[in-house]
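J.: The structure under discussion is supplied below as C-alpha cells; questions concerning it will follow.
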Amino acid sequence: MDRTTTSTDVLVVGAGPAGSAAATWAARAGLDVVLADAAVFPRDKTCGDGLTPRAIGELERLGLRDWVRSHTVNQGLRAHGFGQTLHLPWPGGNLPDWGSAVARTELDDHLRTTAIKAGATGLDGARAVDVRMDGDRVAAVRFRGAQARTSTTEDMVEIACQRLVVADGVRSPLGKVLGREWHRDTVYGVAGRSYVTSTRADDPWISSHLELRGEQDEILSGYGWIFPLGKQSGEVNLGAGTLATAKRPADVAVKPLMKLYADRLRAEFGLGEELRAPTSALLPMGGAVSHVAGRNWALIGDAAACVNPLNGEGIDYGLETGRVVAELLADSPGADLGTLWPALLREHYGESFSIARRLAGLVTVPRLLPALGPIGMRSDLLMTLALRWMGNLVTEEDRDRSARVWRWAGRHSLARDSRPPFS
C-alpha cells in the first residue's frame, strides 16, 4: 500500500473469503477500496477447507470456476456411521452439482489477489486496533503493525473511511471494539483440523463420520471429516468438531481427538503417521451475535457468526455476505447500515440459521444422537434430505417439496426464538 494513502471510500478489515469478496465486488462497482489484514499473505487459517456447492456458486460468480476445478472436484458426501456407509451426491438444483477443497493458505491468498486485481488497495501486516468516531459514524480505523508505518507515528497508521466492512474472523477484535457481542446460549462449535498424507488424496467424495467416538468409545455430539485436497497435494484435510452450548459445554480436547480419529481410520484411508499443522478454534454459529452494524459499518462472514450450525461451513456465507454488502454499498451509498444490514442478514439467513441451530442444539442432548443416528443412517432418503438441509443447499428459487419443508420449518422456528439471529 502507498503509505500516503490515508483515506478511502470503503475500508475492508480482514482479507479472508468474506473481506476479499466484499473488496472485489466493491472495486468492480467502481468504489475506492482498501483491503487490510493483520497477517502477511499467504497465511494459514483453521478450517476444513471444504467448498460446498453453495461456495462454488459464489466462486463462479467471481469468475474463479476454472481455477477451483484445477485443484480437485468432488461429487458429494460419503457419510459413515452406525454400521452404514452412504454415498450422497450433491443435490444440484439451482446450485452447482459439484464441490471442491482448497487449503485456506492458497484459497485466501488467491481471493485477496483477485480483489487487488479488481482495483482494491492491499495493506498487509496491519492489525486494526481502534476506531475514531465522528458522532455515530466510524470516521477512521487505527492500525498497528510492521507494514503500517508513517514518518510521523512509528508503527501506527490511521485510515479514514466513508464506509467500513469488518471481516476479521470469529474473534472479531475490531467488532468487539464496535460493540459486537457473542451469545453462547445457542449452539456453537469447537473444531480442529490438520493435514495428513493419504493414498486417497484424489478421492471424488468427501467423507464425514457422523459416529464420532471419544477415548472411552462414547459417542460425541459432533463429527469427523476427511476432505481430499487432490493428487498434486497428496494430502487430506482431517478434522473433528463437536457442538456445545452454555448449558452443555464441550468437554473434549480437540487435538487428541483428531489423533484418535486418524488412528482409527489410518488403514482405511491410507493415512500417514504425522498430523501436520494441527490447529483448533471456537466457532460462533447461526448469527449468534448482536450489534452487527452501525451507521456506516457492518460485520460480515465469521465476524457476524455466519457459520452453518449443522456442518460448521462458513466459506460460502463469507463469500455471500461479502457480495451482498458490496451491492448495498454500491446501490445505496447513504444508507444507514445499522438498520439495513441486520435486516438483510435476517432476510437471507434468519430462517435457515434458526432451525439449524435448534436442530444442532438437540444433538448436544445426551443419548439423543445414539438413539436417532442409526435410524437416519438406514435411509438413503432421510440422509439425502439431511445433506441438503445440513448444508443449507436450498436457494430462494427452489420450489421442490424438500425446499418448501425446510423454509416452513425455518419460519416456525424463527417465530419461536427468544433471541433471533443477529439480534
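The values are calculated or read from the model by the stated rules, or taken from the named source; none is laboratory data. Model, not experiment: these values are computed from the prediction. All Cβ positions, glycine included, derive from the backbone under ideal geometry; neighbour counts span all protein chains shown. Ligands, DNA and RNA are excluded from the accessible area calculation, which covers all protein heavy atoms including side chains. Shrake-Rupley method; radii C 1.70, N 1.55, O 1.52, S 1.80 Å.
J.: Give me the percent of accessible area attributable to carbon and sulfur for the chain, probe 1.4 angstrom. All intermediate terms of the calculation are to be shown ahead of the outcome.
T.: Numbers: 8940 of 17510 Å².
With neighbouring chains kept in place, the figure for the chain is 51 percent.
J.: Separate question: Ignoring ligands, DNA and RNA, what accessible area per residue does the range 38-169 give at 1.4 Å, in Å²?
T.: 42
J.: Using packing as a proxy for protection, rank 186-198, 69-81, 7-19 so that the peptide with the highest average count of other Cβ atoms within 10 Å comes first.
T.: Working: 186-198: 23.6, 69-81: 19.2, 7-19: 27.3.
Top to bottom by mean Cβ count within 10 Å: 7-19, 186-198, 69-81.
J.: Run the helix sum for the chain: -39,500 (n - 2.57) per DSSP H stretch of 4+ residues, divided by residue count, reported at 222 nm to the nearest 500 deg cm²/dmol.
T.: Result for the chain: -10000 deg cm²/dmol, rounded to the nearest 500.
J.: Quick one: order 408, 341 from most to least accessible surface, probe 1.4 Å.
T.: The ranking, largest first, comes out as 408, 341.
J.: Related question: So for the chain, if I pair up every lysine 8 or more residues apart or on another chain, how many of those pairs have alpha-carbons under 30 Å apart?
T.: Value for the chain: 13.
J.: Another question, if that's okay. Label-point separation (nm) for residue 263 and residue 75, each offset 7 Å from Cα along Cα-to-Cβ?
T.: With each label placed 7 Å out from Cα toward Cβ, I get 3.6 nm.
J.: With the cut-off at 1.5 for a/c, could you classify the range 206-294 from its C-alpha gyration tensor as rounded, prolate or oblate? Can you show the working numbers first?
T.: Values: a/c = 2.49, a/b = 1.48, b/c = 1.69.
Here the range 206-294 falls in the oblate category.
J.: Relative contact order (percent) for the range 313-423, with alpha-carbon contacts under 8 angstrom and 6 or more residues of separation?
T.: 42
J.: In addition: Along the Cα→Cβ direction, 7 angstrom out, place labels at residue 251 and residue 371. What is the inter-label distance in nm?
T.: 2.0
J.: List the relative contact order of the chain as a percent without decimals, with contacts defined as Cα pairs under 8 Å and 6+ residues apart.
T.: 20
J.: Right, another one. Going by average Cβ density within 10 Å per residue, which order do the peptides 315-324, 381-390 take, highest to lowest?
T.: 315-324, 381-390
J.: May I pose another question? Once Lys and Arg get +1 and Asp and Glu get -1 on their Cβ, which of 133, 102, 68 lies farthest toward the positive end of the dipole of the range 60-146?
T.: Toward the positive end, the furthest listed residue is 133.
J.: Per the Debye formula with a single identical scatterer at each Cα and no solvent contribution, what log10 I(q)/I(0) holds for the chain at q = 0.07, 0.09, 0.14 Å⁻¹?
T.: The Cα Debye sum returns log10 ratios of -0.32, -0.53, -1.29.
J.: Write down the accessible area per residue of the range 191-297 in Å², having rolled a 1.4 Å probe over the full set of protein chains. Before the final figure, lay out each step's value.
T.: Values: 4470 Å² over 107 residues.
So the range 191-297 comes to 42 Å² accessible per residue, rounded to a whole number.
J.: Between 272, 236, 306, whose Cα lies farthest towards the positive end of the dipole of the range 225-313 when Lys and Arg beta carbons carry +1 and Asp and Glu beta carbons carry -1, centred on the Cα centre?
T.: Result: 306.
J.: Give the average over all directions of the projected area of the C-alpha convex hull of the range 27-126, one decimal, in nm². Each step should come with its number before you reach the end.
T.: Numbers: hull surface 32.1 nm².
Mean orientational projected area (the range 27-126, Cα hull): 8.0 nm².
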